[in-house]
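Worksheet for the structure shown next.
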Amino acid sequence: MFRPYYIIFCDSDCRIINVNPKYGGATHDAFIWENSCINEFMQGLHRNHEQVWLLGDSGYPQWPWLMTPIPDAAAVEGSPEAKYTTIHGKCRVVIENTFGRLKNRWRCLSKDRTLHYAPVKCAKIITACSVLHNLALDFGVPDPDDEVAESGVEYTMLEVPRDHGARDDLIRGKAIRSLLADRINRLH
């Protein structure tokens, strides 16, 4: 038996642009992220001075290419950090909706379900469900009428080991996030 666990990257239209179903339920999101081709791709864009970012929740480390919420930002209401974190959260609703829609359509992916197959076959099922999700979007297939399934995503903070270069990236990531917060503050 295999509890389906995977991370998904989606665009603003709930279209799944990448899914990584290789790991079981005991694997933390940050570990999967650190070992993903998307992470490598984003690092490459960053090295080429591209200003693009993915949004992640607080379970991920802050990098120059991965923006996370600012811890305790809500404590100072109206601050640039609080505004950034609020907007960040509103944008992240899209991935939560994508998870909900995917699990509502394909109940085998629900938190309370177990796939009774070998992990390799489970990974293929998760990938197939993701492809079918995108096809359903392409062809306007409505979501099932049932109540949207709970995302079931649970996050805990993980300290990712970092070498000296990674520490520099962490510092740069926090500086970029601060600049984004200031820019958002000026716009709102």
Fill in: Residue list for the stretch 139-188, restricted to those being in a helix (DSSP H, G or I) and at pLDDT below 50
HIS164
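For (1) among the aromatic types (Phe, Trp, Tyr); (2) under 20 Å from ARG186 (Cβ atoms), each residue gets a yes or a no:
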{"site": "TRP53", "(1), (2)": "yes, yes"}
{"site": "GLY56", "(1), (2)": "no, no"}
{"site": "GLY59", "(1), (2)": "no, no"}
{"site": "GLU77", "(1), (2)": "no, yes"}
{"site": "ILE87", "(1), (2)": "no, yes"}
Worksheet item: buried (at least 16 other Cβ atoms within 10 Å of the Cβ), under 12 Å from LEU180 (Cβ atoms), touching a strand residue (DSSP E or B) at 6+ places or on another chain (Cβ under 9 Å) and of a type in the set (Ser, Thr, Tyr): does that describe THR68?
Response: yes
Item to complete: Check ILE87, ILE32, ILE16 and return the single one that is closer than 21 Å to VAL120 by Cβ, surrounded by 15 or more Cβ atoms within 10 Å (Cβ to Cβ), within 16 Å of the chain's Cα centre (by Cα) and in contact (Cβ under 8 Å) with a residue 60 or more places away in the chain.
Response: ILE16
Item to complete: Would you confirm whether any residue within the stretch 35-56 is at negative phi, surrounded by fewer than 18 Cβ atoms within 10 Å (Cβ to Cβ) and touching a residue at least 60 places away in the same chain (Cβ under 8 Å)?
Response: no
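The values are calculated or read from the model by the stated rules, or taken from the named source; none is laboratory data. Since the structure is predicted, the reported quantities are computational estimates derived from the model, not experimental observations. Positions of Cβ are generated from backbone atoms using ideal geometry, with glycine treated the same way; all protein chains shown enter the neighbour counts.
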